[in-house]
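Colleague: Let me give you the structure first, and then I'll get to my questions.
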């Protein structure tokens with residue numbers, strides 16, 4: 001099992017061409033103002049997942065047709 005921080009680091013290193021809203025100061029300020037909550041954030045809540053590991057240490061992402069998001073196959 002890996003920590004939330006380690007999983008975040010893998011995502012940031014894997015998807016270098018992606019922009020993450022929780023790293024955008026304007027997006028973070030917007031959600032705090034919109035929800036009137038200074039603790040609100042676009043940072044995704046951690047979710048425990050079980051996944052096979054390939055020879056490279058990570059499973060290859062696939063596209064989820066229902067949500068249009070990439071995820072790692074189980």
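Colleague: Mind checking which pairs have a first residue in the range 19-46 that is surrounded by 11 or more Cβ atoms within 10 Å (Cβ to Cβ) and a second that is assigned to a helix (DSSP H, G or I) and at pLDDT 95 or above, Cβ under 6 Å, 6 or more apart or different chains?
Modeller: Here the result reads 21/27; 40/31; 40/32; 42/27; 42/31, each pair linking the range 19-46 to a residue that is assigned to a helix (DSSP H, G or I) and at pLDDT 95 or above.
Colleague: Of the residues 7, 13, which is out of contact with any strand residue (DSSP E or B) (no Cβ under 9 Å at 6 or more places or on another chain) and free of Cβ contacts under 8 Å to residues at least 24 places away in the same chain? Write out each step before concluding.
Modeller: Numbers: 7 fails: free of Cβ contacts under 8 Å to residues at least 24 places away in the same chain.
That would be 13, the only listed residue that is out of contact with any strand residue (DSSP E or B) (no Cβ under 9 Å at 6 or more places or on another chain) and free of Cβ contacts under 8 Å to residues at least 24 places away in the same chain.
Colleague: Of (1) in contact with a helix residue (DSSP H, G or I) (Cβ under 6 Å, 6 or more places away or on another chain); (2) at pLDDT 90 or above; (3) part of a loop (DSSP other than H, G, I, E, B), residue 27 satisfies all except one. Which?
Modeller: (3)
Colleague: Also, quick follow-up: Taking the residues in the range 31-74 that are out of contact with any helix residue (DSSP H, G or I) (no Cβ under 9 Å at 6 or more places or on another chain) and at pLDDT 95 or above as candidates, determine which candidate is nearest to residue 4 (Cα to Cα).
Modeller: This residue is 32.
Colleague: Considering only the range 1-22, state which residues are touching a helix residue (DSSP H, G or I) at 6+ places or on another chain (Cβ under 9 Å) and part of a helix (DSSP H, G or I).
Modeller: Answer for the range 1-22, where residues must be touching a helix residue (DSSP H, G or I) at 6+ places or on another chain (Cβ under 9 Å) and part of a helix (DSSP H, G or I): 12, 21, 22.
The values are calculated or read from the model by the stated rules, or taken from the named source; none is laboratory data. What you see is a predicted model, and the numbers here were worked out from it, not measured in a lab. Neighbour counts run over all protein chains shown; Cβ positions are idealised from the backbone, glycine included.
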